[in-house]
Amino acid sequence: MLEESLRIQLADLPIPEIHFFETIGSTNDEALAWSETGAADGCLVIADTQTKGRGRLNRQWITRPGAALAFSLILRPKPEEISHLFLFSPLGGLALCQALSKGLGLAAQIKWPNDVLLNKQKVAGILVESFWSGEIPQSIILGIGVNVAPEAVPPPNEVMYPATSVEQIYGKPVDRFNLLHDLLESLFAWRVNLTSDQFFKAWEDYLAFRGEWVRVDQPGLEPITGQILGINENGNLRLLQNTGQEINVYAGDIRLRPADKNQ
Ligand code: BTN
């Protein structure tokens, strides 16, 4: 029933095959395994419940039944995309922001590098992983988890950043497969122009805290505080420090949060 309605909603999209699970450990793990045995570009793994969902920085990402979107899209990088793999995460973020805007009129933003916010609270996270053969990336696994219903939001003591759900902000029930349809439609459309100036412009237009002061924590390094200027051509965050100097931050294992100018 659930699976059938998913397949109907996504029927017009260029997805060669969908693997749906009522319950799974992690859709990213499943997608990685499938990509190693030949899944085609655009194949989708999606689950109603995840018991071992994974987030960035080795955190867990639990997906409760009926409350969220948890899926992994398998993408086979095209030759022109290979030097731009860092763009797949913002591709997912941008597509979700546009889907939330188009379908529900919500103004979502991308918290660099991998989160999507509604009302400055985290509504979705993105985990990009890859499968390589020697020096050549064979597949990119674009894993996205969206808190759709309030039950998807972990308790405040379990999150590193304030979280919310689409329904809490929208104020009404949301059809999650319809949201997924709009997200994937936007993603496939933007992918054609992935390395274009328009893509970078759209990414910057959706960037949260632009012009505001933020603090970036990086393992083993001093925290950096600065005002967000935008994103450079390598996907690094451009920050203006209070010394007047611009610094570019690489999107590694970082944590970003709003900050005081003098923090
Ligand atoms: C984060 O914010 O830390 C990223 C969370 C990514 C979660 C998604 S849910 C679907 C896919 N499968 C996983 O195990 N993780 C990603």
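The values are calculated or read from the model by the stated rules, or taken from the named source; none is laboratory data. All of these numbers come straight from a predicted model, not from anything done at the bench. Glycine also receives a Cβ, built like all others from the backbone with ideal geometry; neighbour counts cover every protein chain displayed.
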- line: Given the conditions (1) in contact with a Leu (Cβ under 9 Å, 6 or more places away or on another chain); (2) more than 13 Å from the ligand (Cβ to nearest atom), every one holds for PRO65 apart from (1)
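Can you tell me how many residues within the range 127-136 are free of Cβ contacts under 8 Å to residues at least 60 places away in the same chain and buried (at least 22 other Cβ atoms within 10 Å of the Cβ)?
Going through the range 127-136, the residues free of Cβ contacts under 8 Å to residues at least 60 places away in the same chain turn out to be 128, 130, 132-136.
Next, from what is left, pick out any that are buried (at least 22 other Cβ atoms within 10 Å of the Cβ): 128.
Residues meeting the conditions: 1.
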Hits in the range 239-263 (condition: surrounded by 18 or more Cβ atoms within 10 Å (Cβ to Cβ) and without any contact (Cβ under 8 Å) to a residue 60 or more places away in the chain): LEU239, VAL249, ALA259
query: Restricting attention to the range 40-49, does a residue exist that is of a type in the set (Ser, Thr, Tyr) and out of contact with any strand residue (DSSP E or B) (no Cβ under 7 Å at 6 or more places or on another chain)?
result: no
query: Name the pairs: first residue in the range 53-75 and free of Cβ contacts under 8 Å to residues at least 40 places away in the same chain and farther than 18 Å from LEU91 by Cα, second residue part of a strand (DSSP E or B) and within 6 Å of the ligand (Cβ to nearest atom), Cβ to Cβ under 8 Å, at least 6 apart or on different chains?
result: GLN60/ARG54
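Kindly indicate which of GLN168, GLN227 is under 19 Å from TRP112 (Cα atoms), in contact (Cβ under 8 Å) with a residue 12 or more places away in the chain and over 19 Å from the mean Cα position of the chain (by Cα). Quick ask: steps written out before the conclusion?
Working: GLN168 fails: under 19 Å from TRP112 (Cα atoms).
Every option except GLN227 fails the conditions.
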Criterion (free of Cβ contacts under 8 Å to residues at least 40 places away in the same chain and more than 18 Å from GLY145 (Cβ to Cβ)) met by exactly one of ALA47, ALA11: ALA11
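Conditions (1) surrounded by 16 or more Cβ atoms within 10 Å (Cβ to Cβ); (2) out of contact with any Gly (no Cβ under 6 Å at 6 or more places or on another chain); (3) on the phi > 0 side of the Ramachandran plot, marked per residue:
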residue	(1), (2), (3)
TRP61	yes, no, no
ALA70	yes, no, no
PHE88	yes, yes, no
GLY93	yes, yes, no
ALA99	yes, yes, no
GLN109	yes, yes, no
LYS122	yes, yes, no
PRO150	no, yes, no
TYR161	no, yes, no
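So is ALA31 more than 26 Å from GLY252 (Cβ to Cβ) and within 9 Å of the ligand (Cβ to nearest atom) or not?
Values: more than 26 Å from GLY252 (Cβ to Cβ): no; within 9 Å of the ligand (Cβ to nearest atom): yes.
Here the answer is no, as ALA31 does not meet what is asked.
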statement: Taking the range 163-184 and keeping residues among the acidic types (Asp, Glu) and either in a loop (DSSP other than H, G, I, E, B) or surrounded by fewer than 19 Cβ atoms within 10 Å (Cβ to Cβ) (or both) leaves ASP175
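One line per residue, one yes/no per condition, for (1) modelled with pLDDT of 95 or more; (2) assigned to a helix (DSSP H, G or I); (3) farther than 22 Å from ASP175 by Cα:
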| position | (1), (2), (3) |
| --- | --- |
| SER5 | yes, yes, no |
| ALA11 | yes, no, no |
| HIS19 | yes, no, no |
| ASN28 | yes, yes, yes |
| LEU32 | yes, yes, yes |
| LYS52 | yes, no, yes |
| GLU81 | yes, yes, yes |
| LYS102 | yes, yes, no |
| LEU106 | yes, no, no |
